[in-house]
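Remarks on the structure that follows.
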Amino acid sequence: MFQFDFRNNFGKNYREVPPEGEAEQPQKRKRGKGTGLKHMKKAGIGIVIVLLALFLASSCWYTIQEEEQAVVCTFGTPKAVTEPGLHFKIPLIQTVTKVNTTIQGLAVGYDEEEQYTEDAMMITSDYNFIRVDFYAEYRISDPVKALYASEDPVRVLDNIAQNCIRTTIGSYTVDAVLTTGKNEIQANIRDMIMEKLETYDIGIQLVSITIQDAQPPTAEVIEAFKAVETAKQGKDTALNNANKYRNEQIPQAEAEADKILQDAEAEKESRINEAEGQVARFNSMYEEYVKYPSITRQRMFYEAMEDVLPDMKVIIEGGDGSQVQQLLPLEPFGGTDSTNTSETEAAENGE
């Protein structure tokens with residue numbers, strides 16, 4: 001059975017109308033399926049919009065830790081963000097790159113297994129081969145330059161360090177590298193690296209560089225250097241003992257020298273005082289001599305004779321012709337010496 005559908009262009013479209021009771025069910029099923037698809041599409045679009053909104057909202061914020069700095073790039077223009085905490089950015093327009101600013105390490109001359117590499121072999125000023133490895137510490141000082149001034153700033157630092165190390169090691173003898181010159185070598189290498197980093201300006205800063213180990217390339221040479229080191233240690237021990245003995249003896253010698261000087265000063269003062277006393281005595285005698293020249297001359301003569309001939313006896317006769325005689329020095333009258341008594345008697349008798 002056919003009928004016109006006046007709802008569509010006044011009967012231009014025809015459709016078959018099934019018997020009553022059977023026509024509405026298929027139509028209802030078709031309409032329900034189309035409506036479900038439309039709802040599913042709308043729900044999917046809504047979910048996509050929500051997810052996109054969540055993504056954009058989450059990408060609007062970023063966090064900087066204490067040990068980090070960030071570089072925000074807006075249309076190709078970088079800018080450093082150094083303050084830690086939560087920060088805002090424009091999604092799809094600004095990009096954020098975080099940079100670690102803590103002190104990091106770089107091994108030069110050995111690998112992760114602590115084995116020497118080819119870079120460790122060097123030559124000294126006295127044409128000896130030696131293996132030397134270093135450990136450098138560095139930090140990012142400018143995150144913008146570290147990201148954009150060079151492709152790999154750590155690799156640049158490694159190349160600079162190797163160049164400076166070889167240049168410095170080549171100006172020292174093998175003995176200085178192995179023993180006494182390590183501190184000076186480290187200081188020179190650090191100064192050279194810092195100067196070159198300042199010239200290149202790649203946003204990286206050297207903190208320190210130290211010699212980890214230095215060894216000759218062969219076992220025979222190692223044994224020879226060990227023997228040399230042992231001899232040097234013996235030399236140092238002998239020098240220390242000698243210095244200890246010197247430090248013990250010098251104070252004692254200085255004390256003895258001070259004592260000798262003090263004794264000499266005392267002797268000098270004593271002789272000066274004695275000489276001054278003799279001068280005073282001579283002056284007083286001279287004054288008396290001026291007053292009585294003959295008496296003083298006789299007195300001096302007698303005193304001199306007493307000193308020259310202490311046992312001499314002087315007999316003085318009276319000038320008036322008397323028999324009285326005087327014996328100088330006078331003998332004690334109560335003496336028991338018979339010799340002195342007889343001599344006194346003989347002197348009195350004129351014998």
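The values are calculated or read from the model by the stated rules, or taken from the named source; none is laboratory data. All values derive from a computational prediction rather than experimental measurement. Glycine also receives a Cβ, built like all others from the backbone with ideal geometry; neighbour counts cover every protein chain displayed.
When residue 188 is tested against (1) touching a helix residue (DSSP H, G or I) at 6+ places or on another chain (Cβ under 9 Å); (2) not in a helix (DSSP H, G or I), exactly one condition is not met: (2).
Can you tell me which residues in segment 191-232 are part of a helix (DSSP H, G or I) and either surrounded by 15 or more Cβ atoms within 10 Å (Cβ to Cβ) or touching a strand residue (DSSP E or B) at 6+ places or on another chain (Cβ under 6 Å) (or both)? Give the derivation first.
So the first thing to find is which residues in segment 191-232 are part of a helix (DSSP H, G or I), and the list is 191-200, 219-232.
Those that are part of a helix (DSSP H, G or I) and either surrounded by 15 or more Cβ atoms within 10 Å (Cβ to Cβ) or touching a strand residue (DSSP E or B) at 6+ places or on another chain (Cβ under 6 Å) (or both): 192, 193, 194, 196, 197, 200, 221, 225.
Does at least one position in segment 276-286 carry a residue that is part of a loop (DSSP other than H, G, I, E, B) and at pLDDT below 80? Write out each step before concluding.
First, the residues of segment 276-286 that are part of a loop (DSSP other than H, G, I, E, B): none.
No, segment 276-286 contains no residue that is part of a loop (DSSP other than H, G, I, E, B) and at pLDDT below 80.
The set of residues in segment 173-220 that are of a type in the set (Lys, Arg) and under 30 Å from residue 78 (Cα atoms) contains only 196. Every condition in (1) over 27 Å from the mean Cα position of the chain (by Cα); (2) surrounded by 11 or more Cβ atoms within 10 Å (Cβ to Cβ) holds for residue 260 except the one numbered (2).
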